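See structure below.
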Amino acid sequence: MEESGSPITGQSSGTSQAAYTDIDGTVTAYNTIFEFLRFDAGYSRQAEAEDFLEGLRAAARNGVPRSVTNARYFSWWRGRSVSEVQELGERWADFQASSPDSWAFLEPVASLLDKHIAEGRRIVAVTASFEPALVRVRRRWPHLELLCTFPTTANGIYTGDIVEALVADAKARAVAAHAAAFSVDLSGSFAYGDHSSDLPFMALAGESLLVTPVKV
């Protein structure tokens, strides 16, 4: 993982502060992995994509845990080349950049992240999304570190499975591990989310903000 940010002036040597943030509904006004899938489907597979996504939403409405529906999502990418999907992520980011008003970043968190960077804090995404779907977000904040869901691969091909869905308690474990690895002072750090499932990781930070959810 690429390091970003720098220690805060006045802190003890070897410690830093960070801002940990959910992405979908907190930083972006859209669901990154759902919209990335739609972009991949294009017109030729539009109906298939909508049926697939509606299946995930229906499962969620029926009480299937987020960790399970997130894992099911990655079956869409089974058999696809990692490099192909990474290139697709770059093209999607270019497409989004051509219509920035349609792919807005949300306030107040976007401005707060800018402020944290200016004050020397690390900024860290804590998200169930995956790297190819977050290219535009990382272009906006080049030093953004990612704690995200990692699809498993074999010989450069996605298997359709994941290591672990980064939701709920898994987010808290990821934040705690990141803080330990990079000597982050959690009591002096910040956390942002938009859903009750974000509360476990948000509780680790000294200051947190649960923003009004955006329906996606």
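The values are calculated or read from the model by the stated rules, or taken from the named source; none is laboratory data. What you see is a predicted model; the values in this text were computed from it and never measured. Every residue, glycine as well, gets a Cβ built from its backbone with ideal geometry; the counts of neighbours run over all protein chains shown. All accessible areas refer to the heavy atoms of the entire protein, side chains included, with ligands and DNA or RNA removed. Shrake-Rupley method; radii C 1.70, N 1.55, O 1.52, S 1.80 Å.
Looking only at segment 62-91, count every residue that is touching a strand residue (DSSP E or B) at 6+ places or on another chain (Cβ under 6 Å) and either in a helix (DSSP H, G or I) or at pLDDT below 95 (or both) and tell me the total.
Here the count works out to 5.
Every residue in segment 56-97 that is among the small types (Gly, Ala, Ser), within 17 Å of Thr153 (Cβ to Cβ) and surrounded by fewer than 19 Cβ atoms within 10 Å (Cβ to Cβ), please.
Within segment 56-97, the subset among the small types (Gly, Ala, Ser) is 58-60, 63, 67, 71, 75, 79, 81, 83, 89, 93, 97.
Now drop any that are not within 17 Å of Thr153 (Cβ to Cβ), which leaves 71, 75, 79, 81, 83, 89.
Those that are among the small types (Gly, Ala, Ser), within 17 Å of Thr153 (Cβ to Cβ) and surrounded by fewer than 19 Cβ atoms within 10 Å (Cβ to Cβ): Ser75, Gly79, Ser81, Ser83.
Give segment 91-128 a look and list any residue that's in contact with a Gly (Cβ under 8 Å, 6 or more places away or on another chain) and of a type in the set (D, E, K, R), or say none.
The answer is Arg121, Arg122.
I'd like the residue in segment 194-209 that is under 18 Å from Gln17 (Cβ atoms) and touching a helix residue (DSSP H, G or I) at 6+ places or on another chain (Cβ under 7 Å) and, out of all such residues, is least open to solvent (accessible area, probe 1.4 Å). Don't jump to the end; show me each part of the working.
Filtering segment 194-209 down to residues under 18 Å from Gln17 (Cβ atoms) leaves 201-209.
The next check asks that each one be touching a helix residue (DSSP H, G or I) at 6+ places or on another chain (Cβ under 7 Å); those that pass are 201, 204-206, 208.
Details: Phe201: 2, Leu204: 65, Ala205: 17, Gly206: 46, Ser208: 72 Å².
Only one residue tops the list, namely Phe201.
Evaluate segment 94-106: report whether one residue or more is more than 18 Å from Asp40 (Cα to Cα) and at pLDDT 95 or above. Full working, then the answer.
Within segment 94-106, the subset more than 18 Å from Asp40 (Cα to Cα) is 100-101, 104-106.
Narrowing the set further to residues that are at pLDDT 95 or above leaves 105-106.
Yes, some residue in segment 94-106 is more than 18 Å from Asp40 (Cα to Cα) and at pLDDT 95 or above.
If I go through segment 130-149 residue by residue, how many of them are without any contact (Cβ under 8 Å) to a residue 24 or more places away in the chain and in contact with a Phe, Trp or Tyr (Cβ under 7 Å, 6 or more places away or on another chain)?
Of the residues in that region, 1 qualify.
Enumerate the pairs (first residue in segment 1-30 and over 16 Å from Val175 (Cβ atoms) and in a strand (DSSP E or B); second residue anywhere and β-branched (Val, Ile, Thr) and modelled with pLDDT under 80) with beta-carbon separation below 8 Å, excluding pairs fewer than 6 apart on the same chain, so at least 6 apart or on different chains.
Note: pairs meeting the criteria are Asp24/Val216.
Specify which of the listed residues (Ala154, Ala118, Ala180) is within 29 Å of Glu87 (Cβ to Cβ), free of Cβ contacts under 8 Å to residues at least 24 places away in the same chain, open to solvent by 30 Å² or more (accessible area, probe 1.4 Å) and over 18 Å from the mean Cα position of the chain (by Cα). Let's see the steps before the verdict.
Numbers: Ala118 fails: within 29 Å of Glu87 (Cβ to Cβ); Ala180 fails: within 29 Å of Glu87 (Cβ to Cβ).
Sole residue among the options that is within 29 Å of Glu87 (Cβ to Cβ), free of Cβ contacts under 8 Å to residues at least 24 places away in the same chain, open to solvent by 30 Å² or more (accessible area, probe 1.4 Å) and over 18 Å from the mean Cα position of the chain (by Cα): Ala154.
Restricting attention to segment 125-146, does a residue exist that is closer than 29 Å to Ala18 by Cα, modelled with pLDDT of 95 or more, open to solvent by 80 Å² or more (accessible area, probe 1.4 Å) and among the hydrophobic types (A, V, I, L, M, F, W, C)?
Checked segment 125-146: no residue is closer than 29 Å to Ala18 by Cα, modelled with pLDDT of 95 or more, open to solvent by 80 Å² or more (accessible area, probe 1.4 Å) and among the hydrophobic types (A, V, I, L, M, F, W, C).
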